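Below: one structure, written as structure tokens.
The values are calculated or read from the model by the stated rules, or taken from the named source; none is laboratory data. Small disclaimer: the values here were computed from a predicted structure and weren't measured. Positions of Cβ are generated from backbone atoms using ideal geometry, with glycine treated the same way; all protein chains shown enter the neighbour counts.
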Amino acid sequence: MPHPYVLLYAAVPLDGHLDTRQGEARLLLPDKEDFDRAGSVSAGADAILVGAGTLRADNPRLLVNSPTARLAAGGPEYPFKVTITATGDLDPGWKL
């Protein structure tokens, strides 16, 4: 595509809730196919955007399954990791 564009990829369960209740285990993708699809979308992105609330609740790794394929295509090993926060309160121990 000649113009910049934004792709939103979200896996939404049937109940419509994107997160778990406080104290519960983190939300996981239901099967390998969903995990692989999320990985391929992330691998093709220049950046992965996440909110500070997601970092606080889940501390996601935000990695891709095939960094060597990204390098072979002339890109960086991993997409940029972009965090949106209203307060700037980010723990240096998070996997940014």
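Odds and ends about this structure:
- In segment 80-96, residue surrounded by the fewest Cβ atoms within 10 Å (Cβ to Cβ) [restricted to those that are modelled with pLDDT of 85 or more and among the hydrophobic types (A, V, I, L, M, F, W, C)]: Ala86
- Residue count for segment 61-79 satisfying the condition of being under 19 Å from Ala10 (Cβ atoms), loosely packed, with under 15 Cβ neighbours inside 10 Å and either at pLDDT 85 or above or not polar (S, T, N, Q) (or both): 1.
- Count of segment 44-96 residues which are within 12 Å of the chain's Cα centre (by Cα), in a loop (DSSP other than H, G, I, E, B) and of a type in the set (A, V, I, L, M, F, W, C): 5
- Qualifying residue in segment 22-38 (condition: modelled with pLDDT of 85 or more and in a loop (DSSP other than H, G, I, E, B)): no
- Number of residues in segment 52-83 that are on the phi > 0 side of the Ramachandran plot and small (Gly, Ala, Ser): the value is 1.
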